[in-house]
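See below for the structure under consideration.
The values are calculated or read from the model by the stated rules, or taken from the named source; none is laboratory data. Since we're looking at a predicted model, the values are computed, not measured. Note that each Cβ is placed from the backbone with ideal geometry, even for glycine, and that neighbours are counted across all protein chains shown.
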């Protein structure tokens, strides 16, 4: 510092920006919420439960169950084929129906194609209500209304898919190129002609990709819908679990894992090719 | 181009391009049709049940919502609060665990083998549905919200890790090169080259996952893992429809409220304060596009998630 003589002026370093006070507020709020959620008094008692589990060690019964889980009972492999087919069928039908309906809903949920502020607001609010209810909860309600079986699972998947696909697709429609839209408007196209000719061709690859993604989600969901009585492999899983046949539970879990993993790989590969 | 030397042959009428054959589309239709018929047969749907379904669903809707049981409101809120707490802690666990994994999975800051291996691990984690995880975890931690929280935490690592690695892959290389130029270590590259750029989007993904996990945690009670799901199952089973309807409404309203708050924070994180001002009609219309949903849609389309 003292070496710099009066003639040369050292380039000034820019001052370091001070972190915004909002950052401390945010960290404080997150810490407080976490403490409230985890504590024994106001929350779920996460820490004390973990401490107790590790202090007590693994009980004998759990160790026994783990032994069973680690040796799946392959002898019932044949009996799981039919429930799996049912699950797959439910996923396929759910995707086809759900995605067809989602296409219509998506056009109603985008400002570009809705044709009117009221219709837009109406579609969007119905969509947020549908999206706020999880798939299994829909299944619970439908099982209660229609009875146990694949129909309840199918209806749940259809509603759930409308929520997912319509949301993703309407965001895509919002971002389409407006050139074809102007052409359609200039030629005097009505709402439907406009959507079909100017918008649909632009979003078709996206729509197919979203539908494949929906199928992947459906395979995962339909595997568990049976837990509430909505048919498929989940019902078998529940049956084995209620009888504490953990070696069979484990087999079904392994099968679900392989099944879902392969569907994911297939869907991801197809989607990559679709948009290349 | 040769067009300069040899002019195109003159024709009296402008030629229309050939219409596309549409073979792909027709083949697609046939495949979908065959799939639908096969699936219809395999599902074993009873038609009479299907026909009666709409009337039955309307009847149930009446039973659920026309006679609300206000004395069940407190219990429903308590159950939902537990669900929200599970979702919050589960998301936090997943956020902490997925951040290092997302750095390992990003192709631009990780080795080729490492990123591919990490991606497959993330895919694998995602392939276990939460409810299946609960059935396994319950053997260690017993029935209750802690089991549900851990299941949510583990399942969310898969999606969060992949979406976050997308955010890392879209960063500008400049700061990374600057850290390399001054001889930064791996940790310094991540801390100063990657995280300052990727963190806003990653935090927004965390919040988005929190919104999704609230939905997931609301049903974990079905298999005894805490939250409002147990109330829903039991009230529906014992046909206490007024109470079930109350629980249903509480789930929807609380979920929508948290969505609205979390969505605002997400937008603020991604777009900064400037966008909050309503400059003119156009600026407001832009605000309506949800950047995180758009990012998710892009990742889905490109086969990244």
**Report entry** Filtered residue count, region A:169-189, keeping only those that are more than 14 Å from chain B (Cβ to nearest Cβ), surrounded by 10 or more Cβ atoms within 10 Å (Cβ to Cβ) and either modelled with pLDDT under 90 or not in a helix (DSSP H, G or I) (or both)
**Finding:** 3
Query raised in the report: Taking region B:14-32, which residues are in a helix (DSSP H, G or I) and either over 31 Å from the mean Cα position of the chain (by Cα) or more than 10 Å from chain A (Cβ to nearest Cβ) (or both)?
Result: B:23, B:24, B:26, B:27, B:29, B:30, B:31
Query raised in the report: Across region B:141-155, what is the number of residues that are facing chain A (nearest Cβ under 8 Å) and touching a helix residue (DSSP H, G or I) at 6+ places or on another chain (Cβ under 6 Å)?
Result: 4
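Given B:157, B:171, which one is in a loop (DSSP other than H, G, I, E, B) and over 24 Å from residue A:58 (Cα atoms)?
Details: B:157 fails: in a loop (DSSP other than H, G, I, E, B).
None of the other options fit; the residue is B:171.
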Query raised in the report: From the residues in region A:124-140 that are within 8 Å of another protein chain (Cβ to nearest Cβ) and either outside any helix (DSSP H, G or I) or closer than 15 Å to residue B:244 by Cβ (or both), which one is nearest to the chain's Cα centre (by Cα)?
Result: A:134
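Could you list, in sequence order, the residues of region A:144-157 that are within 18 Å of residue B:246 (Cα to Cα) and either surrounded by 24 or more Cβ atoms within 10 Å (Cβ to Cβ) or modelled with pLDDT of 95 or more (or both)? Spell out how you get there, then give the answer.
Within region A:144-157, the first condition is being within 18 Å of residue B:246 (Cα to Cα), and the residues that meet it are A:144-145.
Across region A:144-157, the qualifying residue is only A:144.
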Requested in this report: For region A:238-276, name all the residues that are within 7 Å of chain B (Cβ to nearest Cβ), under 27 Å from residue B:120 (Cβ atoms) and surrounded by 16 or more Cβ atoms within 10 Å (Cβ to Cβ).
Outcome: A:249, A:253, A:256, A:257, A:260, A:261, A:264, A:268, A:271
**Report entry** Set B:178, B:230: member being farther than 13 Å from residue B:109 by Cβ and either in contact with a helix residue (DSSP H, G or I) (Cβ under 6 Å, 6 or more places away or on another chain) or not in a helix (DSSP H, G or I) (or both)
**Finding:** B:230
Requested in this report: Please verify whether region A:141-153 includes one or more residues that are within 10 Å of chain B (Cβ to nearest Cβ), over 25 Å from residue B:221 (Cβ atoms) and in a loop (DSSP other than H, G, I, E, B).
Outcome: no
Report summary line: Restricting region A:78-93 to residues that are in contact with a helix residue (DSSP H, G or I) (Cβ under 7 Å, 6 or more places away or on another chain) and more than 9 Å from chain B (Cβ to nearest Cβ), the one nearest to residue B:36 (Cα to Cα) turns out to be A:87
Query raised in the report: in a helix (DSSP H, G or I), surrounded by fewer than 24 Cβ atoms within 10 Å (Cβ to Cβ) and without any contact (Cβ under 8 Å) to a residue 40 or more places away in the chain: does that describe residue A:104?
Result: yes
Requested in this report: Tell me which of these residue B:205 doesn't satisfy, since it passes every other one: (1) farther than 23 Å from residue B:106 by Cβ; (2) crowded, with 21+ Cβ neighbours inside 10 Å.
Outcome: (1)
Query raised in the report: Which of the residues belonging to region B:33-63 are under 29 Å from the mean Cα position of the chain (by Cα) and either in contact (Cβ under 8 Å) with a residue 12 or more places away in the chain or within 7 Å of chain A (Cβ to nearest Cβ) (or both)?
Result: B:35, B:36, B:39, B:40, B:43, B:57
Query - region A:31-44, residues that are within 7 Å of chain B (Cβ to nearest Cβ) and assigned to a loop (DSSP other than H, G, I, E, B) - result: A:43, A:44
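Just for region A:59-77: of the residues that are outside any helix (DSSP H, G or I) and surrounded by 13 or more Cβ atoms within 10 Å (Cβ to Cβ), which one is farthest from the other protein chains (Cβ to nearest Cβ)? Before the answer, list the steps.
Taking region A:59-77 as the starting set, the residues that turn out to be outside any helix (DSSP H, G or I) are A:59, A:71-73.
Okay, now just the ones that are also surrounded by 13 or more Cβ atoms within 10 Å (Cβ to Cβ), so A:59, A:72-73.
Details: A:59: 9, A:72: 13, A:73: 16 Å.
Result: A:73.
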